[in-house]
1. Of all residues being of a type in the set (A, V, I, L, M, F, W, C), more than 17 Å from A36 (Cβ to Cβ) and part of a helix (DSSP H, G or I) in the stretch 95-116, which is most open to solvent (accessible area, probe 1.4 Å)? Just the residue, please.
2. What are the residues in the stretch 41-66 that are more than 15 Å from L11 (Cβ to Cβ) and aromatic (F, W, Y), if any?
3. List the residue pairs whose Cβ atoms are under 6 Å apart, where the first residue sits in the stretch 25-50 and is touching a residue at least 60 places away in the same chain (Cβ under 8 Å) and over 13 Å from L100 (Cα atoms), the second is part of a helix (DSSP H, G or I) and among the charged types (D, E, K, R), and the two are 6 or more positions apart or on different chains.
Amino acid sequence: MKSVLLHGGDLVAYEAINSNGHPVWESASAFLDSLARTPSLGERYSRFLAVPRVCSGGSRIEWYIPDFSPQDPSGDYRIIAWDAATPEERQQAYEKLMDLDKALYAYGNMLLSRGVDGDNLTFAQF
């Protein structure tokens, strides 16, 4: 997989904190791995989430495409900035993101009802 930068910025611009009070990007790799291994969610949902990398010095974060092969025969990813998307593309993306939100929420609630450990604990913290 080629490493494609989607976005980068100063770390201080982000306030994403998980339930333990730690920045979510510190646990992002574990979360994405757990998501990809969960049969009811799997790779199709993990592809929606960018992979964060804190740059050396810790003052900047960059967000990359997740580790999967592009479906385009050219080997390129189809990346459309939200601002450049047509209303139809935005609607399609929004619907897929709402499906992701519902699936994660339902899975998290199921885990909480059973008790959590291991990979399940990663989901419960998000």
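1. Ranking the qualifying residues of the stretch 95-116, first place goes to L112.
2. Within the stretch 41-66, Y45, F48, Y64 meet the criteria.
3. S34/D119
The values are calculated or read from the model by the stated rules, or taken from the named source; none is laboratory data. Small disclaimer: the values here were computed from a predicted structure and weren't measured. Positions of Cβ are generated from backbone atoms using ideal geometry, with glycine treated the same way; all protein chains shown enter the neighbour counts. When the accessible area is computed, the model is the full protein with side chains, heavy atoms only, and any ligands, DNA or RNA have been set aside. Shrake-Rupley method; radii C 1.70, N 1.55, O 1.52, S 1.80 Å.
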